[in-house]
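Undergrad: Okay, handing you the structure first.
Read the figures in this text as sums done on the coordinates, not as results from a lab. Source: prediction; values computed, not measured. Cβ placement follows ideal geometry from the backbone for every residue including glycine, while neighbour counts extend to all protein chains displayed.
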Amino acid sequence: MTTTPLRTDGTRFMGDPGESGRFGDFGGRFVPEALVPACLELEAAFRDAWADPAFRSELDDLLHRFGGRPTPITECRRLSAETGLRIFLKREDLAHTGSHKINNVVGQGLLARRMGKTRLIAETGAGQHGVATATAAALFGMECVVYMGEVDTQRQALNVFRMELLGAEVRPVMSGSRTLKDAVNDAMRAWVAEVEDTHYCLGSVMGPHPYPWMVREFQSVIGKEAREQFRGLMDGSDPDLVVACAGGGSNAAGIFAGFADQADSRLIGVEAAGGAAVSNGIPGVLHGMRSALIQDEAGQIQEAESISAGLDYPGIGPEHAYLSSVGRAEYRSATDDEVLDAFQLLARTEGIIPALESAHALAWVVKAAGTEDLPTGSTVLINLSGRGDKDVAQVRDVLRPDA
């Protein structure tokens, strides 16, 4: 079967946003004057590197030998029988460090080395990006500092230890809600002061240009692999739906990049119900970007709430806001209870324990199965963005508080 491209004029939905860094009405570069040269330097360095076959070859080689790519697609036969769907998982949980984050940090680490930087800083919520950044820093022989909200250091204590074991310094952030938003604030402030020798390894498709575009390009390996693998399994067909969780949205952007220009696949991003920036948000500016944000009538950013530290963010990457605005991607939400049910269901039916973030995507699929929104018999490809080892203790405490 030959699939039909969505556009016939040669343009792509997820293309190069140009020097403005704009995805329609979203994106841009809203930063203090002191950071503008750093953003311009980074954009120029990335454009040069991305056009260099030697850089791309070294990145591909490292992702294969060190990162464990390509990750496989797994068909969930028992879960499919239970839901009336045909469900497949893109297994980013099997990548080194346990999530898709390794794709981006190896790319940014290589780029930082090319730029002559000797130090990486990062923000993290669930800890997976922090662990991946610490891993890349160890690989390339760089110093590493990770900013993490104090609330998240408690619910992700194992990942804090992993970062420290890898040689990183973890700095708890005590301001605001003490979660991911505040970790980003502190990391960006540190970058302003230390930009000469330091690269800010931002973990998602958010922030000022070129980060949303650059991170999506580093993560697009997921979608490229997945499209080829799925067509190999299904006689050239694309999935009816491609589903991924979405906080900042890097794993979703990565897999969507492989299917955005194919008309046969709906793209579904699943947010935490305690945030849901696309459905509940208002356009505004935060962390150097214009996107959909959770804010009140006075424009004050509201706190997002989620059982998942990685989705506890009051906005979404600007390219996702754009994809929603033009109708190419749809955004749904899942509650904490639905996520906990999905977390247990996948473990029980398929022997796979997902990250709480990834369980949001699964939760929506299970809830929508057999409805008009997701008819029986549909083929569904879910990006399993991370494994649940980091979340097991937290889930145990929720499900068995007296244990």
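Undergrad: For Cα pairs less than 8 Å apart in space and 6+ apart in sequence, what is the mean separation divided by the residue count of the chain, i.e. the relative contact order in percent?
TA: Across the chain, relative contact order equals 21 percent.
Undergrad: Next up: State, to one decimal in nm, how far the label point of Glu41 lies from the label point of Arg400, with both points 7 Å from Cα in the Cβ direction.
TA: If labels sit at Glu41 and Arg400, their model points lie 5.2 nm apart.
Undergrad: How long is the gain from Met115 to Lys224 if the chain were fully straight, where each residue apart is worth 0.36 nm and the alpha carbon distance is subtracted?
TA: In short, 36.5 nm is gained.
Undergrad: Using label points projected 7 Å from each Cα along Cα→Cβ, tell me how many nm separate Leu139 and Phe30, to one decimal.
TA: 3.4
Undergrad: Rounded, prolate or oblate: which fits the range 87-172, taking a ≥ b ≥ c as square roots of the Cα gyration tensor eigenvalues, rounded meaning a/c under 1.5, else prolate when a/b beats b/c?
TA: Cα axes put the range 87-172 in the oblate bin.
Undergrad: Dimensions of the range 2-155 along principal axes (Cα, Å, largest first)?
TA: For the range 2-155, the Cα spread along each principal axis is 56, 48, 35 Å.
Undergrad: Once R0 is set to 30 Å, what does the formula 1/(1 + (r/R0)^6) return for the Cβ-Cβ distance between Asp337 and Met174, expressed as a FRET efficiency to the nearest 0.05?
TA: FRET efficiency, Asp337 to Met174: 0.50.
Undergrad: Oh, and also: Any idea how far apart Arg78 and Asp16 come out in nm if each label point goes 7 Å out from Cα toward Cβ?
TA: Going from the Arg78 label point to the Asp16 one covers 4.9 nm.
Undergrad: Please give the FRET efficiency for Glu194 paired with Glu297, using the beta carbon to beta carbon distance and R0 = 30 Å, rounded to the nearest 0.05.
TA: 0.20
Undergrad: Let me ask another. Would you work out if the range 231-362 is rounded, prolate or oblate? Take a ≥ b ≥ c from the square roots of the eigenvalues of the alpha-carbon gyration tensor; rounded if a/c is under 1.5, else prolate when a/b is larger than b/c, oblate otherwise.
TA: Since a/c reaches 1.5 but b/c is at least a/b, the shape of the range 231-362 is classed as oblate.
Undergrad: Local charge sum around Arg114 (other residues, Cβ-Cβ under 13 Å, Lys/Arg +1, Asp/Glu -1)?
TA: 0
Undergrad: Moving on to the next point. In whole Å, what is the distance between the alpha-carbon centres of the range 337-393 and the range 65-142?
TA: Comparing the Cα centres of the range 337-393 and the range 65-142, I get a distance of 19 Å.
Undergrad: If you average 1/r over every pair of different alpha-carbon atoms in the chain and take one over that average, what Kirkwood value in Å do you get?
TA: 20.8
Undergrad: Moving on to the next point. I need the calculated FRET efficiency for the pair Ala51 and Phe161, taking r as the beta carbon distance and R₀ as 35 Å, to the nearest 0.05.
TA: 0.30
Undergrad: Report the full-extension gain for the segment Glu58 to Asp235: residue separation times 0.36 nm, less the Cα-Cα distance, to one decimal in nm.
TA: Taking Glu58 through Asp235 to full extension adds about 60.5 nm, to one decimal.
Undergrad: I've got another one for you. What shape does the range 28-110 take by its C-alpha gyration tensor, where a ≥ b ≥ c are the square roots of the eigenvalues and a/c under 1.5 counts as rounded, a/b above b/c as prolate, and the rest as oblate?
TA: prolate
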